[in-house]
Amino acid sequence: MEAPVCLIENLQDGRFKVNDEAVDILSKINQPLVVVATVGMYRTGKSYMMNKLAGFQKGFELGAAVQAKTKGIWMWCVPHPTMKDHALVLLDTEGLGDVQKGDKKNDIKIFCLSVLLSSMLVYNSRGTIDEDALEKLRFVGELAELIKVKSKDDEDNEDNEGQFSRHFPALIWMVRDFTLMLELDGKEITEDEYLENALLPQKCERTEETSKIQERNRCRDAIRMYFDSRKCFVLDPPSGDKKVLQRMDEVPEEKLSPYFVDQCQKFQEYIYKNAKVKHIDDIKPVSGEILRQLVYKYTEATTSSSVVYMEDVVMSISKMENEVAVQEATEHYEKMMKERGRFPTETLEEFMELSAQCEEEALQKFMNKSFRDSELLFHKQFMRNIEEKKKKFSRMNETASLKYCKQLIKKHSRDLEDALQHKLYSKPGGYQKFQEDMALIVKGYNSEPRKGVEIQCGSY
Ligand SMILES: Nc1nc2c(ncn2[C@@H]2O[C@H](COP(=O)(O)OP(=O)(O)OP(=O)(O)O)[C@@H](O)[C@H]2O)c(=O)[nH]1
Ligand SMILES: [Mg+2]
């Protein structure tokens, strides 16, 4: 992909709409996908950082004005810079907290979609991780009401901590324009310690602040619960020059603070090395086609404001994938039989061996694609299909053999037929001659190779 495209449009009425052209691009990518999404307050340099990850200065559009720039969710697929045969999908999202936005639920929907679609989520904020920054993320505490890991039909559909962290992306909290010293009680701390400390529950000192602090603590708890894997990056301001800051997609790197450039590079290396392939159901690597389905299903669920039941989405995708797995594997068996088979086969064993070989390969193909077939329903369907196809090939093998045998008999008995017609055997010694000629025909016929399974027609 040369440039980013809009993947999910955010319509004026608060609904989201999937861009069919963008998902078509996705469905053509057969490689496993590493999906990195960025979310965070508007105008905080998210798009700039996503371009860095794509390896370009320009791509996702940056805005120098106060108005929010990115709308909806944009996508850029590039070959993974370090993982061979993998693709890196970058999702740049609309900034949160935009005062011009009418629908307050919009932010949480964008956040939800980013969580559901990515394997690594970069939360971008500016300045410090303080009470104010957590206040802006308070809706994370509501995620439990919007995303359920279990199925709608599961009677006990209360999720527990372990389940969330298994299905949620790894989290990176990125603090832009960080100017403080990384110190706590006079001791130097790491970026990760800084984040972990900010996520510790706070005590309420004054009763009038109780509800506010409780709400923020709920947000802290939720972040810790959902995102088992957490990492923090703090970045210096890129420059002291306003003009440079406004046009970072155009100014050469030498104009930026070397600290900032260095920190960006470390972030980039970390993502390339640590962002994992997106999986569903823990075991199934997400390819372009599966991500396409996830985009449709999660967007639909988020838009209709109902709860997203991840288990149900996984189930419906697994059903579709398994159906395709059965079909592709059956087709593979058929194709291999046609390509490799020389019908009629010399013997029945040769036919059985060829079929077993093709079946083995087709089964491998089925197993590679199929997932969640715990009751082996699709596996059994695949076996039935193969049995049917095998019977078809077996009949074809018999027909080919019969046809060839008939041709051979005709070829070898041509002289005998002539002699019979001209009554050459109707004379003394004729019967003796007839028997000799007949024996010659059988000998000639028997010496012919590849007569196939219907060989018995020659056993005179
Ligand atoms: N101060 C500062 N400005 C930055 C930084 N990174 C990018 N910018 C500038 O900030 C402005 C906004 O950058 P974007 O990358 O468009 O920010 P965004 O978060 O994608 O903005 P929205 O799409 O509106 O949410 C541009 O003028 C950039 O040049 C940074 O780390 N610090
Ligand atoms: Mg942007």
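Quick note: the coordinates plus some simple rules give every number you see, no bench work behind them. Quantities reported herein were computed from a predicted structural model and do not represent experimental measurements. We place every Cβ from the backbone using ideal geometry, glycine too, and count neighbours over all the protein chains shown.
Using R0 = 30 Å, the C-beta based FRET efficiency linking Arg138 and Gln268 works out to 0.50.
Maximal additional length on extending the Lys380-Glu61 stretch stands at 109.8 nm, based on 0.36 nm per residue less the C-alpha distance. Distance from the Cα centroid of the range 335-395 to that of the range 172-189 is 61 Å (rounded to whole angstrom). For the listed residue pairs Lys148/Lys365; Lys46/Lys278; Lys58/Lys150; Lys17/Lys46, the alpha carbons are over 30 angstrom apart in Lys148/Lys365; Lys58/Lys150. Between Ser447 and Gln163, full extension at 0.36 nm per residue minus the direct alpha carbon distance yields a gain of 95.2 nm.
Report note on the peptides 363-375, 215-227: ranked by the mean count of other C-beta atoms within 10 Å, highest first, their order is 215-227, 363-375. Multiplying the residue separation of Asp85 and Asp153 by 0.36 nm and removing their Cα-Cα distance gives an extension gain of 20.7 nm. Computed over the range 320-404, the P(r) tail beyond 21 angstrom holds 31 percent of alpha carbon pairs. Once the C-beta distance of Val244 and Cys204 is scaled by a Förster radius of 45 Å, the resulting FRET efficiency is 0.55 to the nearest 0.05.
Taking every DSSP helix (H) stretch of at least 4 residues in the chain, weighting each as -39,500 (n - 2.57) and dividing the sum by the residue count yields a mean residue ellipticity at 222 nm of -15500 deg cm²/dmol. Within the range 214-230, name every residue whose backbone N is under 17 Å away from a label modeled 7 Å from Cα of Leu182 along the Cβ vector. Output list for this probe position: 230.
For the chain, the gyration tensor built on C-alpha atoms gives a prolate shape. Its axis ratio a/c (a ≥ b ≥ c) is at least 1.5, and a/b is the larger of a/b and b/c. Averaged over residues, the count of other Cβ atoms within 10 Å places the peptides 176-183, 70-77, 352-359 in the sequence 70-77, 352-359, 176-183, highest first. Comparing Cα centroids, the range 401-460 and the range 15-82 end up 77 angstrom apart.
For the chain, the relative contact order works out to 16 percent when only alpha carbon pairs closer than 8 Å and six or more residues apart are counted.
Computed with the Debye formula from one identical point scatterer per Cα of the range 1-75, without solvent, the log10 of I(q)/I(0) at q = 0.12 Å⁻¹ comes to -0.37. Peptide packing: for 428-437, 316-325, 10-19, the average count of neighbouring Cβ atoms within 10 Å per residue gives the ranking 316-325, 10-19, 428-437, highest mean first. Taking 7 Å steps out from each Cα toward its Cβ at Val261 and Arg342 produces label points 6.7 nm apart. Helices assigned as whole DSSP H runs in the chain whose Cα atoms extend at least 30 Å along their own long axis and whose mean Kyte-Doolittle hydropathy is -1.0 or higher are found at 310-340, 348-369. DSSP beta bridges in the chain, what fraction antiparallel, as a percent rounded to 5? DSSP beta bridges in the chain are roughly 40 percent antiparallel.
Hydrodynamic estimate: the Kirkwood radius of the range 299-357 over Cα pairs, inserted into Stokes-Einstein at 4 °C and 1.567 mPa s, corresponds to D of 87 µm²/s.
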